[in-house]
Amino acid sequence: MTKIADIAHQLWFPAKSFHDQGISYASYLTELSWLWLIKAMPALKLNQQLPKSFHWQQWTKQATWEQFDIYGNVLTHLAQSSHISIANIYYQAETQLSHPKQLQQLLNTLEALNEVPLKEQGEVYERLLHIYARVDKTQLYLLPPAALVDALMLVSQPQATETIQDPLAGMGYFLVACDQYIKITQETTKPAQLQGMEQNLVKQRLAMMNCMLHGMADKQQAIIQWADSVLIDKHTCQAADVILSSLVFVNHADDDTALNNALALLKHIYQTLQLGGRAAVIVPDELLHQRGPAQQVRQELMDNCILHTVVRLPNGIFYPYSVPTQVLFFYRDAGNVHNDTQQIWCYDLRSQMQSFGYQRRLKRQHLMDFIKAYGEDSLGQSERQAQAEHWQCFDRQDLENDDLDVYAQVLPENDLESNELEALWQALEQTVQELEQVKALLDADEYM
């Protein structure tokens, strides 16, 4: 286990105990995040946001019961901060802790960060978020694997001069990845124009905390707003140059809510792109082949945008949930390409790769061949060569002849032997999952 993973493991260690005391995993992580930011304020040069008596060094020297009394006042004070990012993290903050000893345990837990430089704390926090996302079964939105987030960002090549959005920001992974990419690859002192929306307040807080620990604090505007992008006034929504997002939810049987949410968000995305703007969006398989509203959205997407690449993702990457997914790459037609003659490339990562799950996580090396095949052009216009095993190309007319069923055009599953191996793999995964339920702790290194 790496140092980063080991520290994340230590920070998550008390979560089960707190859960047994009636404090949800979401509340545990929220409380830990609030305290974490207060502890990090000196390193972030934000101590001026608190009265001296509320500073970490002063506050934690008090008696246990005094610490507990002061804690509520600290939360109230920070919720009224003039620093917008801080105010968002502590908006409506109210502790769920019921006893001073619980607060003391959290303070002791955070001592694991004493030897961690600020520049590494963002990575520790991301590890922690991945643990939470898998353990908390109440969340319907599924967190995309970090390797996939990085791959979509790399081929999309966001620029500091562009407006980059995620309408379903979740924990902020796409926006954080874009910010890191811009800082590494581009010489600029101007902060990237990053914008996200998240309708769940808990996730929005955690996403803002993720941004803070990655050096993305904004005093004037929250990078990720607490809002539902589907319900906002489209006339007030800024057009985007780049949109990266994942529209994958837990899909319960006989419930169309997940698909309807994905359809509404996909429609928002292609309507928000400005001319020449590009998008990479993870969607469930069913969005690509169902009739009715799904077919209508596909029709509108391809009438208004150039859908140039579809990637069929491996099974099990959203473990423990089995939701088959694909990635759509498209850009808003600026008038120089005719939709009726456009070509669509499909890259199959599912038939040619083993399933992923508890023991086997998606890593960047699994996606390197695709990144290379995609090419250097961010709009997917690099010269490509068809490959029997992975790449195939078809025309828009092929879709028209098949009722715009994109799924039908993607490379077929392997033969019966492969399906039998897949069934065996899924059975093994189910066994592992049942064993996992009796474990008291989860290994933090398994979530990345």
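The values are calculated or read from the model by the stated rules, or taken from the named source; none is laboratory data. Keep in mind that this is a model prediction, so the values were computed, not measured. For neighbour counting, all protein chains shown are included, and Cβ atoms are generated from backbone atoms with ideal geometry for every residue, glycine included. Protein only, heavy atoms only, side chains kept; ligands, DNA and RNA dropped before computing areas. Shrake-Rupley method; radii C 1.70, N 1.55, O 1.52, S 1.80 Å.
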Response to the item:
Checked the chain with the C-alpha gyration tensor, a ≥ b ≥ c its square-rooted eigenvalues, rounded below a/c of 1.5, otherwise prolate if a/b is larger than b/c and oblate if not; verdict prolate
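Around Ile223, with a cut-off of 11 angstrom between Cβ atoms, what is the net charge of the other residues, counting Lys and Arg +1 and Asp and Glu -1?
My count for the surroundings of Ile223 gives -4.
Just subtract the alpha-carbon distance of Ala43 and Ala239 from 0.36 nm times their residue separation and send over the number in nm, one decimal.
On the way: separation 196, 0.36 × 196 = 70.56 nm, distance 3.54 nm.
Contour length minus the Cα-Cα distance gives 67.0 nm.
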Worksheet entry | Under 5 Å, built H, 5+ apart or other chain: amide partners of Cys305 | Asp333
Practice prompt. Please turn the phi angles of the stretch 323-331 into ³J(HN,Hα) values with the Karplus equation 6.51 cos²θ - 1.76 cosθ + 1.60 (θ = phi - 60°), one per residue in order, whole Hz, x for glycine and proline.
Written response: 10, x, 9, 9, 10, 9, 10, 8, 9
Worksheet entry | Only Lys, Arg (+1) and Asp, Glu (-1) charged, at Cβ; the chain dipole about Cα centre in debye | 1940 debye
Worksheet entry | Where labels lie 7 Å past Cα in the beta-carbon direction, separation of Trp65 and Ser53 in nm | 1.8 nm
Practice prompt. Mind checking the per residue accessible area of the chain for me, 1.4 Å probe, whole number of Å²?
Written response: 45 Å²
Practice prompt. List the residues whose amide H sits under 5 Å from the amide H of Gln225, counting only those 5 or more places along or on another chain, with H placed 1.01 Å from N in the peptide plane.
Written response: Gly196, Met197, Glu198
Worksheet entry | Probe 1.4 Å, all protein chains present, accessible-area order of Ser322, Ser355, largest first | Ser322, Ser355
Worksheet item: Taking Lys183 as the anchor, which lysines have their alpha carbon closer than 27 Å to its alpha carbon, excluding any fewer than eight residues away along the same chain?
Response: Lys3, Lys39, Lys45, Lys119, Lys203, Lys219, Lys363, Lys372
Item to complete: Using a 1.4 angstrom probe on heavy atoms only, work out the carbon and sulfur share of the accessible area of the chain in %.
Response: 48 percent
Practice prompt. Please list Lys39, Lys45 in order of solvent-accessible area, largest first, computed with a 1.4 Å probe with all protein chains present.
Written response: Lys45, Lys39
Worksheet entry | Net charge, Arg384 excluded, C-beta distance under 12 Å - Lys, Arg +1, Asp, Glu -1 | -2
Discussion item. Suppose R0 equals 41 Å. What FRET efficiency, 1/(1 + (r/R0)^6) with r the Cβ-Cβ distance, do Gln221 and Arg360 give to the nearest 0.05?
Written reply: 0.50
Response to the item:
Of Leu231, Leu349, Leu206, the most mobile residue in a GNM of the chain (C-alpha springs, cutoff 10 Å) is Leu231
Discussion item. For the chain, take the longest principal axis of its alpha carbons; what is the angle in degrees between that and the long axis of helix 293-304, to the nearest 10 within 0 to 90?
Written reply: 80 degrees
Discussion item. Loop-only trypsin sites (Lys or Arg not before Pro) in the stretch 232-312, please: DSSP not H, G, I, E or B, and at most 16 other Cβ atoms within 10 Å.
Written reply: Arg291
Discussion item. On a full-extension model of 0.36 nm per residue, what is the gain between Gln352 and Gln104, subtracting their alpha-carbon distance, rounded to one decimal in nm?
Written reply: 84.2 nm
Worksheet entry | Additional length obtainable on full extension of the chain from Ile184 to Glu300, 0.36 nm per residue less Cα span | 38.1 nm
Worksheet entry | Residues of the stretch 261-287 with amide N under 20 Å of a point placed 7 Å along Cα→Cβ from Tyr321 | 261-269, 280-287
